[in-house]
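The values are calculated or read from the model by the stated rules, or taken from the named source; none is laboratory data. Owing to the predicted nature of the structure, the values given are computational and were not obtained by experimental measurement. Methodologically, a virtual Cβ is constructed for each residue, glycine included, from the backbone with ideal geometry; neighbour enumeration extends over all protein chains shown. Heads up: the accessible areas ignore ligands, DNA and RNA and are worked out on the full protein's heavy atoms, side chains in. Shrake-Rupley method; radii C 1.70, N 1.55, O 1.52, S 1.80 Å.
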Amino acid sequence: GLLLLAAALGATAAARCPTPCVCDNLRAHVLCLNGSLTAIPDTIPEITRKLDLRGNSFTVIPAGAFLATPYLTHLDLQHCKVERLEEGAFRGLGRLVYLNLASNGIALLYQESLDGLFSLQQLFLEENRIEEIQPGAFGHLGSLTVLDLRANALVYLPDMVFQGLQVLRWLRLSHNALHVLGSDAFAALPALRRLSLDHNELQALPGEALARLDGATRLDLGHNPITYVAEEALAMASLRHLFLDHASLQDVAPDAFARSPQLRILDLRENQLQGLPPLAGAGGLLRVSLEGNPLLCSCLLRPFHKWLARARVQAEGACAAPPALRGRSLNSLKPPEMRCSRLWPPPSPTTSPKQPSSAGSRQCPRGCVCSPDFHHGSCENRDLREIPRDFPEDTRLLDLRRNPFRTVPPDAFPGLKELVSLHLQKCSIRVLHPGALRGLESLVYLYLTDNHLSTLAAAAFEGAPQLAYLDLDHNAFTRVPAGTFRLLPNLISLHLQHNAIGELVEGDLAGARGLRWLYLAGNAIRHIAPAALAPTKMLEKLQLEGNHLSEVPTAALRGLPALSELKLSRNPIKHMGDGVFLPVASSLQHLYLDNMGLEQISPHAFTGLGPKIRSLYLESNKMSNIPDMSNFTGLEILNLQDVPFHCDCQLLPLHRWINKLNLCVGATCGSPAEAHGLKVKLSTTFQTCPGWGQGKAGETNPNKTKAASKPSKKKRLGKSPARGFSKSRA
């Protein structure tokens, strides 16, 4: 009876398999890879357990999107251009254990974005543009063990932001821009064993926040601009491995690790240390790595050298000076050799951290809600005509969305020196008066989306020098508000999407020296002056999709040595000439050229680009051939869908190259007639070409056994070969 039921379910599933997908009914897997889906298919078989939707274009995951597939255990939504998760998007997926949302455009996690995922064990959100996490966003994920938030745009972590993650074991926050951590940011993580905070902007060891992690055994803090580790700076009872490599350390206090008695491995490679004192209290230490430091092996290093021998600690490193000892390993030195030819510089002075002010006696304004646990105030959608006052002085997140304020007057937020995040979306604001943000000395995030702003005075930002994220999407700007950024030395991310900006001229971005991410999609930009982007020498992401550019703005890209992502999608660029990406060829990793109506690409258009390119989007264009990309050896994503390739002998090199890739590229023939609609990889039109047999032996033969046609595990569509649940299809 059970066999008959399974057969009936299998037949039903086969009948309902969505057209662009592949359904494996035996294993209850559905794959819809690199397609043109813009909405979650509603005909996915109900019994599906593993659903792979990588490489589609969903933009928004609406509420209840997966209610028809309640048995899902694995869901992969990588590279789907998702920008927003509506509240309740995953409701009904109580069996889901694996969710991958990596490499999308998600900017904000709301409290109910992940509601209903109470069985989820692994959540991957790396390579989005998450700027802020609202407290409570992870409150329903009581089974989560791995949370990956790498390569986002986080600057600040509020208190209790990870509340609810009772069994989380590994939290990955690498490659963000974190420089402010609430003292209780990690207070709700009793099971955490590993914390990755490397590649951020922390200028001091966040000892108070880390002290909440009693069970953590590994801490990664490398690649942060930390200059000094103070006395008893780290109180982590179970810590065994500490990585402080590639920082800016100039000195470490003798008892810096005295309150971390289990510490075994200390990695201090590639810092600016000329020496170390004996590390009192670190009695269990086994190894200290000091390679790449300018160690001065003078008499002042003798106490540390003596301590190494007495405590039986292995030291890895070599002398940089004096000249007679240069290159000698620490372990090979004898005390008499370490003479005092010059003095070791004294330790850098330290400043005690700023203590948070008391909350004061102010109560919550009438009609608003204030949460003392989260330091969160909200007056959302209360039909307020004026900005309320008298919020508690320790308020850090203030939500005033959907109120018809119309203007923000001077000194609108008195006494809120600790405010970090301010939400003023959909408030009908036309004017931000000079001094409007005065006194907000800790403000990092300012959201002014969906208002009626057409101009901004620089003086409006007076008194908010820490502002790092400014969101002005969906306003009425016809040009970039020039001069506005001179008072914002810490601005990292600027959103001006979906305005009516017509051009970028020299001086528009004056003062934006630290800008890393610039979002200008959905404007009407026809021209970018050669010097328009010159002030933004640290720019990493430039998003220009959906504008009116008719050519690649090559001249404007000069002087952007860090640019790693360039989006030109949906611009009417018909022809692409030689060397158009040369100014950014040494840094560019992600290039979006899709949906442009592109008709011709010069054979040398990609000159300079090569192994660094990780993703290239060329889908939905009109060219019939593309340049040689055989040196693009680092590709993880290549999309060639909806391009009418002319499958004649001139395309033979592309055919051969695609056959060697273990990527799903979606390339199909548009002509000649006998090849129309066939995959470029499988077309037989190339068999009449001169030299066909020469490379034939090395190509994949689709008629061979099924095992032989499987791609190797070395390359997959996603970033990590070990993750995911399906192999990519060429």
Using the Karplus equation 6.51 cos²θ - 1.76 cosθ + 1.60 (θ = phi - 60°), what ³J(HN,Hα) coupling, rounded to whole Hz, does each residue of segment 87-102 give in order, writing x for Gly and Pro? 4, x, 4, 10, 4, x, 9, x, 9, 5, 10, 9, 9, 10, 10, 5
Amide H to amide H under 5 Å from LEU154: which residues, 5+ apart in sequence or cross-chain, H placed 1.01 Å off N in plane? ALA177
Label point distance in nm, ALA534-HIS676, each placed 7 Å from Cα along Cα→Cβ: 5.3 nm
Which of the listed residues, GLY64, LEU96, ALA529, is farthest toward the dipole's positive end in the chain, when Lys, Arg count +1 and Asp, Glu count -1 at the beta-carbon? LEU96
If you place +1 on the Cβ of every Lys and Arg and -1 on the Cβ of every Asp and Glu, how big does the dipole about the Cα centre of segment 466-533 come out, in debye to the nearest 20? 120 debye
Quick one: net charge of GLY435's neighbours, Cβ under 14 Å, K/R +1, D/E -1? -2
Gyration tensor on Cα atoms of segment 494-650, a ≥ b ≥ c root eigenvalues, a/c under 1.5 rounded, else prolate if a/b beats b/c, else oblate, says prolate
Roughly how many Å is it from the Cα centre of segment 124-165 to that of segment 507-577, as a whole number? 30 Å
5 angstrom amide H check on THR668, placed H, neighbours 5+ away: ASP642, VAL643, PHE645, VAL680
Going by Cβ distance under 4.7 Å, what cysteines of the chain have no possible disulfide partner? CYS80, CYS427, CYS664
A chain fully extended from ARG513 to SER630 at 0.36 nm per residue, minus the present Cα-Cα distance, gains in nm 38.5 nm
Taking the DSSP beta bridges in the chain as the whole, what percent of them are antiparallel, to the nearest 5? 10 percent
Along segment 501-513, Karplus-curve 3J(HN,Hα) (6.51, -1.76, 1.60; θ = phi - 60°) to the nearest Hz, with x for Gly and Pro, reads 5, x, 7, 10, 10, 4, x, 4, 10, 4, x, 8, 5
Rounded to whole Å², per residue accessible area for segment 165-302 with a 1.4 Å probe reads 34 Å²
For the chain, find the longest principal axis of its Cα atoms and tell me its angle to the long axis of helix 302-311, 0 to 90°, nearest 10. 70 degrees
Going by a ≥ b ≥ c, the root eigenvalues of the Cα gyration tensor, does segment 522-610 fall in the rounded group (a/c under 1.5), the prolate group (a/b larger than b/c) or the oblate group? oblate
For a quick size check, give me the Cα extents of segment 134-270 along its three principal axes, largest first, whole Å. 42, 30, 21
Using the alpha-carbon atoms, what tilt in degrees (0 to 90, nearest 10) does helix 2-16 show relative to the longest principal axis of the chain? 80 degrees
Once you have all Cα-Cα distances for segment 111-199, histogram them in 10 Å bins from zero and send the whole-percent values. 19, 57, 24, 0
For the chain, the convex hull over Cα atoms projects on average to an area in nm² of 37.0 nm²
Taking a cut-off of 20 Å, what percent of all Cα-Cα pairs in segment 185-260 are separated by more than that? 23 percent
Answer in debye to the nearest 20: the dipole magnitude of the chain about its Cα centre, from +1 Lys/Arg and -1 Asp/Glu charges placed on Cβ, is 2180 debye
Compute and list, largest first, the equivalent-ellipsoid semi-axes of segment 188-230 from the alpha carbon gyration tensor, each √(5λ) rounded to a whole angstrom. 20, 12, 8
Collect residues whose amide H, placed 1.01 Å from N in the peptide plane, falls under 5 Å from the amide H of GLN314; neighbours closer than 5 in sequence don't count. ARG287, VAL288
Here is the link list: LYS426/LYS622; LYS567/LYS622; LYS50/LYS574; LYS541/LYS660; LYS417/LYS537. Which ones come out longer than 28 Å on Cα distance? LYS426/LYS622; LYS50/LYS574; LYS541/LYS660; LYS417/LYS537
Per-residue ³J(HN,Hα) for segment 152-159, Karplus 6.51 cos²θ - 1.76 cosθ + 1.60, θ = phi - 60°, Hz, x for Gly and Pro: 10, 10, 6, 10, 9, 10, x, 4
Going out from 0 in 10 Å bins, what whole percent of all Cα-Cα distances in segment 458-561 drops into each bin? 16, 53, 28, 3, 0
Out of the total accessible area of segment 78-234 (probe 1.4 Å, heavy atoms of protein only), what percent is carbon and sulfur? 45 percent
When only alpha-carbon atoms count, how far does segment 570-638 stretch along each of its three principal axes, as whole angstroms with the largest first? 26, 22, 19
